[in-house]
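Enquirer: Below is the structure I would like to discuss, written out as structure tokens.
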Amino acid sequence: MAEEKYGMFRNRLAKVFRHVGRQAKRQGVSCYRLYDHDLPEFPFCIEFYGDNLYMAEYKRRHGMTDEEHDSWIEECLGIITEILAVPREHIFLKLRRRKPGRQGQYQKQDITNHEFEVEENGLKFIVNLRDYLDTGLFLDHRITRQMLREQCAGKKVMNLFAYTGSFSVYAAAGGAVEVVTVDLSKTYLSWAEKNLKLNGFSDSTKYRFIHDDVKQYLKIIPADYFDIIVMDPPTFSNSKRMEDFLDIQRDHAEMIKDCLRAMKKGGVLYFSTNFSKFRLDQEKIAAASFKDLSRATTPFDFEDRLSRVCYRFIK
């Protein structure tokens, strides 16, 4: 029975690698998701970052002893190295633990440092496949970032809940005259600044980094100032540095209204959330128009795997 299950994993991995890997090569994409819990018996997320592989096991009640689990992991790693032709030393393995309660989105895992550069659409980004819960680059917004880039020439752009600033890099690359990057984490703001500098964007008068609680910051920024705003908040956050916890279902309408106030007439807001039960409270949002871009911004490697939504609001 065990051999049959391993055979299922081997066959599934080979199949998705042929299909997804071929599309990635055709599109010139070097960072992409290959496998995401495709088989319930093998609850992994597997992503390519250039020549390296990120492999995360989702926590579950597997009923194995520690020794049995270690043996199972090694068997899976053997299959992965064989099918994907990735050396064992290039595989970064992580157990993704879901902590109870309303936690912030980004949890540091240990105190080591494993940073390297990857490329996406001709731009460079620093990723870390070991030290944090997430890698530093959300692959599911690859299309959204490029969409933003194509609209930023001569525009003032603000990136809220900016994480490591990938949207900010794309905005700068698109010719934005001002890019404001806002996040509550000094660690990720520093990471964002390094990402911009890595791509040659270091003018502090054009590229500003704001360390603040986004909900509070939106109340004090000037009205009718920005042309484009990107807001991709976590589902929940209860950081001690916040005046109030964030609940995206509860708070999204007010935050979207605050973004619309901060934009010029005709300004564009891109809003996204990966809360699977999210319901847009459209009646409370007085936008000139809005469009659901969820399907249009879903990359090939996330088809039928993505629960996040993405909306475009125009003031």
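Enquirer: Within region 299-311, which residues are of a type in the set (D, E, K, R) and assigned to a loop (DSSP other than H, G, I, E, B)?
Expert: Step one: filter region 299-311 for residues of a type in the set (D, E, K, R), giving 301, 303-305, 308.
Matches in region 299-311: 303, 304, 305, 308.
Enquirer: Right, here's the next one. Considering only residues of region 256-293 that are part of a strand (DSSP E or B) and charged (D, E, K, R), which is farthest from residue 163 (Cα to Cα)? Give the steps one after another, and end with the answer.
Expert: Of the residues in region 256-293, the ones part of a strand (DSSP E or B) are 263-273, 289-292.
Pick out the ones that are also charged (D, E, K, R) and you get 264-265, 291-292.
On the way: 264: 25, 265: 27, 291: 24, 292: 23 Å.
Top of the filtered list is 265.
Enquirer: Tell me, please, whether a residue that is surrounded by fewer than 19 Cβ atoms within 10 Å (Cβ to Cβ) and under 17 Å from the mean Cα position of the chain (by Cα) can be found in region 166-173. Write out each step before concluding.
Expert: Taking region 166-173 as the starting set, the residues that turn out to be surrounded by fewer than 19 Cβ atoms within 10 Å (Cβ to Cβ) are none.
Checked region 166-173: no residue is surrounded by fewer than 19 Cβ atoms within 10 Å (Cβ to Cβ) and under 17 Å from the mean Cα position of the chain (by Cα).
Enquirer: Residue 75: part of a strand (DSSP E or B) and at pLDDT 95 or above, yes or no? Reasoning before the result, please.
Expert: Numbers: part of a strand (DSSP E or B): no; at pLDDT 95 or above: yes.
Judged against the criteria, residue 75 is not a match.
Enquirer: Can you say whether residue 178 is without any contact (Cβ under 8 Å) to a residue 60 or more places away in the chain and more than 21 Å from the chain's Cα centre (by Cα), as far as the supplied structure shows? Full working, then the answer.
Expert: On the way: without any contact (Cβ under 8 Å) to a residue 60 or more places away in the chain: yes; more than 21 Å from the chain's Cα centre (by Cα): yes.
In short, yes.
Enquirer: Another one. For residue 13, which of the numbered conditions (1) out of contact with any Pro (no Cβ under 7 Å at 6 or more places or on another chain); (2) surrounded by fewer than 20 Cβ atoms within 10 Å (Cβ to Cβ) fails to hold?
Expert: (2)
Enquirer: Can I ask one more? Is it true that residue 183 is touching a Lys or Arg at 6+ places or on another chain (Cβ under 9 Å) and acidic (Asp, Glu)? Write out each step before concluding.
Expert: Values: touching a Lys or Arg at 6+ places or on another chain (Cβ under 9 Å): no; acidic (Asp, Glu): yes.
Judged against the criteria, residue 183 is not a match.
Enquirer: Give 296, 223, 253 a once-over and let me know the one that is at pLDDT 95 or above, within 20 Å of residue 158 (Cα to Cα) and in a loop (DSSP other than H, G, I, E, B).
Expert: On the way: 296 fails: within 20 Å of residue 158 (Cα to Cα); 253 fails: in a loop (DSSP other than H, G, I, E, B).
Matching residue, one of 296, 223, 253: 223.
Enquirer: Can you name every one of the strands (runs of 3 or more DSSP E) wholly within region 111-182 that holds 3 or more residues which are within 27 Å of residue 266 (Cβ to Cβ), at pLDDT 95 or above and not charged (D, E, K, R)?
Expert: On the way: elements: 115-120, 123-128, 156-160.
Result: 156-160.
Enquirer: Please go through region 214-231 and give me each residue that is acidic (Asp, Glu) and closer than 21 Å to residue 166 by Cβ, ordered by number.
Expert: 227
Enquirer: Further question: Would you mind stating whether residue 307 is surrounded by fewer than 16 Cβ atoms within 10 Å (Cβ to Cβ), out of contact with any Phe, Trp or Tyr (no Cβ under 6 Å at 6 or more places or on another chain), at pLDDT below 95 and not basic (Lys, Arg)?
Expert: On the way: surrounded by fewer than 16 Cβ atoms within 10 Å (Cβ to Cβ): yes; out of contact with any Phe, Trp or Tyr (no Cβ under 6 Å at 6 or more places or on another chain): yes; at pLDDT below 95: yes; not basic (Lys, Arg): yes.
For residue 307, the condition - surrounded by fewer than 16 Cβ atoms within 10 Å (Cβ to Cβ), out of contact with any Phe, Trp or Tyr (no Cβ under 6 Å at 6 or more places or on another chain), at pLDDT below 95 and not basic (Lys, Arg) - is met.
The values are calculated or read from the model by the stated rules, or taken from the named source; none is laboratory data. Note that the structure is a prediction, hence the values are computed from the model and not measured. So basically every Cβ, Gly included, is an ideal-geometry build from the backbone, and we count neighbours across all protein chains shown.
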